[in-house]
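Below is the structure I would like to discuss, written out as structure tokens.
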Amino acid sequence: MYPLRINLLSTEKRKYLNKMIYVQFVKNTFISIVFVFCLSGITLLGCQSVLQEYFSDVSNSLTLSDSMHAEKNKNIQAVNETLKKVEAMQEVHNLWSQKIIKLGNAIPTDIIINNILIVNQNKEINISGTALSRTALLELKDNFNNLDFINNINIPLSQLTEKENIDFSISIEMK
């Protein structure tokens, strides 16, 4: 069955009441939305003040720790610069005394050295002298090749044609 509705109001009043119902609904919805916005705004303002306080605490602690460690940082930078300078000097520096001893030990007894010229910039050693035999000169070349700091040995072929009392000139490139 259909529900019975008895409407004793005039149509104008009914329309007016319907409009009032819609207006009340829109008004209540608007008030609810404004209330939610106000509540979220208050929450966000509270969060902002908490976050600003936290940010100021963090920045103060960073400033304090920077000032506490500034001296250590300066010392570390000074040590790093010193290490860089030492590394640069070590690249240029050569321990010639050890290399000369090794070269001297590699020279056979049948070789007489007249001159040794060390050119540090080119990492080159020029040795001139007299070999009593070709085998002594070749032994000298082999001994020099076995040294770990020598890269290349140049002996002119014209010096290897003689058999005895060979005046030689050797050019050695170092690593």
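Mind listing just one residue for me: the one in segment 44-98 that is farther than 30 Å from Lys123 by Cβ and of a type in the set (Val, Ile, Thr) and, of those, farthest from the chain's Cα centre (by Cα)? Talk me through it step by step, then tell me what you get.
Of segment 44-98, the ones farther than 30 Å from Lys123 by Cβ are 44-79.
Checking which are of a type in the set (Val, Ile, Thr) leaves us with 50, 58, 63, 76, 79.
Values: Val50: 39, Val58: 29, Thr63: 26, Ile76: 17, Val79: 18 Å.
Going through the qualifying residues, I end up with Val50.
Here are some conditions: (1) in the same structural domain as Phe144 (by TED's automatic domain parsing); (2) part of a helix (DSSP H, G or I). Glu53 meets all but one. Which one does it not meet?
Every listed condition holds for Glu53 apart from (1).
Of Lys13, Lys72, Lys27, Lys19, which residue is out of contact with any strand residue (DSSP E or B) (no Cβ under 9 Å at 6 or more places or on another chain) and either loosely packed, with under 10 Cβ neighbours inside 10 Å or among the aliphatic types (A, V, I, L, M) (or both)?
Details: Lys13 fails: either loosely packed, with under 10 Cβ neighbours inside 10 Å or among the aliphatic types (A, V, I, L, M) (or both); Lys27 fails: either loosely packed, with under 10 Cβ neighbours inside 10 Å or among the aliphatic types (A, V, I, L, M) (or both); Lys19 fails: either loosely packed, with under 10 Cβ neighbours inside 10 Å or among the aliphatic types (A, V, I, L, M) (or both).
Selected residue: Lys72, the only one of Lys13, Lys72, Lys27, Lys19 that is out of contact with any strand residue (DSSP E or B) (no Cβ under 9 Å at 6 or more places or on another chain) and either loosely packed, with under 10 Cβ neighbours inside 10 Å or among the aliphatic types (A, V, I, L, M) (or both).
Quick test for you: out of Ile107, Ile112, Ile125, Ile118, pick the one residue that is modelled with pLDDT of 85 or more, in the same structural domain as Asn151 (by TED's automatic domain parsing) and surrounded by fewer than 14 Cβ atoms within 10 Å (Cβ to Cβ). Show your work before the answer.
Numbers: Ile107 fails: surrounded by fewer than 14 Cβ atoms within 10 Å (Cβ to Cβ); Ile125 fails: surrounded by fewer than 14 Cβ atoms within 10 Å (Cβ to Cβ); Ile118 fails: surrounded by fewer than 14 Cβ atoms within 10 Å (Cβ to Cβ).
Exactly one residue qualifies, and that residue is Ile112.
Out of segment 45-90, which residues are at pLDDT below 90 and of a type in the set (S, T, N, Q)?
Of everything in segment 45-90, those that are at pLDDT below 90 and of a type in the set (S, T, N, Q) turn out to be Ser59, Asn60, Ser61, Thr63, Ser65, Ser67, Asn73, Asn75, Gln90.
The values are calculated or read from the model by the stated rules, or taken from the named source; none is laboratory data. Quick caveat, the model's predicted, so the values are computed rather than measured. Note that we place each Cβ from the backbone using ideal geometry, even for glycine, and neighbour counts take in every protein chain shown.
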